[in-house]
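First up is the structure itself, then whatever we jot down about it.
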Amino acid sequence: MTVQSRDQIAAELGHSFAGEILAGGHYVPIVRDGRTLYTSGQVPRVGDQVSLDKVLRVGVFIQCTADFTQQSEVADAASDLLHRVFGDAGVHVRTAVGVYALPKNASVELEMTVAAGRDAA
């Protein structure tokens, strides 16, 4: 059995870590405090690859109507992708919240807290 890199797994799933994360206001897309990285809400795309030890927390915001109650099932896709790409380091705590509207009329927005790899300090 061959071991695939995170980039290879993400590419097979139709995702890429390439590209700059662009902020649209007076904030930054990532704040670092020691080895902990906090991301601003990101609409569907994957930003720069960061060496990480662990995905700690994921917040998933789903644009939906008042009668929609399957936010957890929508958020499962993000959790499954993180586990598939990062293995056990991608298992995390999570919050899934339904909202009326999201920036750029996105259907889903994610925010994450991750522990950066020791080599990224």
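The values are calculated or read from the model by the stated rules, or taken from the named source; none is laboratory data. Fair warning: this is a prediction, and the values are worked out from it, not measured in the lab. So basically every Cβ, Gly included, is an ideal-geometry build from the backbone, and we count neighbours across all protein chains shown.
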(request) Mind listing just one residue for me: the one in region 107-121 that is under 24 Å from Ile9 (Cα atoms) and among the aliphatic types (A, V, I, L, M) and, of those, surrounded by the fewest Cβ atoms within 10 Å (Cβ to Cβ)? (result) Ala120
(request) Among the residues of region 70-101, write down those that are at pLDDT 95 or above, under 19 Å from Arg35 (Cα atoms) and surrounded by 15 or more Cβ atoms within 10 Å (Cβ to Cβ). (result) His92
(request) Please name all residue pairs, on different chains or six or more residues apart, with Cβ atoms under 7 Å, provided the first residue is in region 76-93 and is within 12 Å of Thr113 (Cα to Cα) and the second residue is loosely packed, with under 15 Cβ neighbours inside 10 Å. (result) His92/Arg57; Val93/Arg57
(message) So Lys104 passes all but one of these: (1) farther than 25 Å from Gln8 by Cα; (2) modelled with pLDDT under 90; (3) assigned to a loop (DSSP other than H, G, I, E, B). Which condition number does it fail?
(response) (3)
(request) Check whether at least one residue in region 4-21 is at pLDDT 80 or above, out of contact with any Gly (no Cβ under 7 Å at 6 or more places or on another chain) and of a type in the set (Val, Ile, Thr), and report yes or no. (result) no
(message) If I go through region 22-58 residue by residue, how many of them are loosely packed, with under 15 Cβ neighbours inside 10 Å, modelled with pLDDT under 80 and polar (S, T, N, Q)?
(response) 2
